[in-house]
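The values are calculated or read from the model by the stated rules, or taken from the named source; none is laboratory data. Please read these numbers as outputs of a predicted model, since none were measured by experiment. Because the Cβ atoms are built from the backbone with ideal geometry, glycine has one as well, and the counts that use them run over all protein chains shown.
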Amino acid sequence: MDEFNKILEIVSLISSGKVSSFSSLKEVIIKSKIKLSKSDIDVLFNLIKKLYWGMFSDLNFDEYKDLWKSLVVPDSNYPSMYGDLKKFLITSDNIFVAILDIHGYTSFCQKTRKNVSSLDRLNKFVETIIKSATKKYGVISRRERGDEIILVGSDAVDLINATFDVVNLFSKKISLVKIDGTDQSFLPPFEISGGIVGGYSTTPLIISEKGDLQGVLINLAARLQARANTISPNKTKIVVDYNTYYKFISSSKPKSDFVSKINFLFNGEIEFKGGSLKVYEIYYREDEKYKSLISEYIKKLSDAISRNEWKLEVISTLCDLGMIISDNIPSFYKKVEIYDDNEGKFEVFEVNNDYLSSIFMKLKYSVTNNRDYYSIKRLSFLIKLLDKIDEFDQIVKDYCKAVYREYLKVFYEYNKILIEDIKRNPSEFLNSSDIEVFSKYDSYKNRYEYILENVNSNPKFLNKRASIWNIAFNRVKDKIDFYIYSGKK
């Protein structure tokens, strides 16, 4: 009975947090002079793991040998059975982390009005099917924060194998159990966005007292998951950093049948909060076949940017890239409404593959052949247009925006110098009537803006302005669709 009470006391110490590691458990056992069987010690050790190892509560030497070696300080007497979870470590190059996010899961819970039960279903699915699927690769998996799943593995191939096993499990209806006495699916199909990082030898990974993951590695994985969601808001997309890509392609480790058919597309160096990463997206679907054609162009564009070849090479390569994508993405046609700042009204454009390709082609010809640098401002229209075209490749949309932002700096400086040259010697550039308009433009522009400002501030016109405002509002009220957006849709 005395032995039993001592065991209960140890259990109480573990539950209260006074004993939260195997090393402290050993001290208590030795101090109390209690004799315990291996099965007793196993029970106490598993209780510690359940309470304080968090996502690593299932970690053991037999099923996760490599992770055990990386994440556990082994007991000197029983290194393959017991040990203490490292709470802070500078990662070796064999730790990889994936963060997977389930598209539309929150919306599904809201629509079914069974948020708690739906999350419970997801939790059971992850705890049973998903954990079993990833375990065979030596990868630990755990659901975090609602619809987020974290995977931790010791090898790039293993983690990518496990990731796509999870993707494929979520891609079909899951009817493991009957719900409310019917054959309703346990969960409907879902798309996944995911980010994978790893292979760093000097990056901190922090495991909290409760076993939660923190630190740079987990933050980078989260950034890449968000990037994947940006690239493909509605379909599955997994992106990886350079280290993961390199370790994957240089490994001779067996790849699953599905993973052996995936491809990688270099997206360039992408800026994130606190740094930048070389990013590769994984593609494999039929509608993404065109990506195999653009890899060399993205590399060429990235190289031109890094070499500071902004005079012509960057804009020329960007246009080549745009034409290749326009000509090779699946055929589409849609009417797109764009607001024209100059005209002060919306215009409707009928857009298809050929239309987009022709814009890129004309822009390239204008700049490279005609040296018409004003045509660079057409990129502004193109960006507005591409933002309405879901079918167009996201990475090129991003490059268009980033390239245009930098070219505007060149354009404004070019414009300033051109105006100064014209003012110094107007007859070299202009005919007599143009000279008069050009010389008086600044004074007219300033006077024009003063007149408008006066009309908008003069109390005498208050009622008239209110009337005009109401007319303007009534014209556009059906187009007003205010929302605040944060995160994935």
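Is the stretch 59-78 home to any residue that is in a helix (DSSP H, G or I) and over 39 Å from the mean Cα position of the chain (by Cα)? No: zero hits. I need a count of the residues in the stretch 210-230 that are outside any loop (DSSP other than H, G, I, E, B), in contact with a Ser or Thr (Cβ under 8 Å, 6 or more places away or on another chain) and modelled with pLDDT under 90. Adding up the residues that qualify gives 3.
Go over the candidates ILE419, ILE395 one by one and state the one that is more than 20 Å from ALA228 (Cβ to Cβ), in a helix (DSSP H, G or I) and hydrophobic (A, V, I, L, M, F, W, C).
Just one listed residue meets the conditions, ILE419.
Within the stretch 248-264, the set of residues being of a type in the set (Val, Ile, Thr) and either in a helix (DSSP H, G or I) or not assigned by TED's automatic domain parsing to the domain that holds LEU159 (or both) comprises ILE249, VAL259. Every test in (1) among the aliphatic types (A, V, I, L, M); (2) surrounded by 13 or more Cβ atoms within 10 Å (Cβ to Cβ); (3) at pLDDT 90 or above is passed by LEU312 save one, and that test is (3). Of all the criteria given as (1) outside any loop (DSSP other than H, G, I, E, B); (2) under 25 Å from ASP390 (Cβ atoms), the one not satisfied by LYS278 is (2).
Under the condition of being under 12 Å from the mean Cα position of the chain (by Cα), surrounded by fewer than 18 Cβ atoms within 10 Å (Cβ to Cβ) and β-branched (Val, Ile, Thr), the residues counted in the stretch 222-265 number 1. Could you please find all residues in the stretch 299-320 being under 22 Å from the mean Cα position of the chain (by Cα) and under 20 Å from ILE376 (Cα atoms)? If the condition is that a residue be under 22 Å from the mean Cα position of the chain (by Cα) and under 20 Å from ILE376 (Cα atoms), then LEU301, SER302 are the ones that fit.
Taking the stretch 143-152 as the range and being touching a residue at least 24 places away in the same chain (Cβ under 8 Å) and either hydroxyl-bearing (Ser, Thr, Tyr) or farther than 18 Å from ILE238 by Cβ (or both) as the test, only GLY146 passes. For the stretch 315-357, a residue qualifies if it is free of Cβ contacts under 8 Å to residues at least 40 places away in the same chain, surrounded by 13 or more Cβ atoms within 10 Å (Cβ to Cβ) and of a type in the set (Ser, Thr, Tyr), and the qualifying residues are THR317, TYR355, SER357. Restricting GLY268, GLY274 to residues that are crowded, with 19+ Cβ neighbours inside 10 Å, within 23 Å of the chain's Cα centre (by Cα), modelled with pLDDT under 90 and in the same structural domain as ASP165 (by TED's automatic domain parsing) narrows the list to GLY268.
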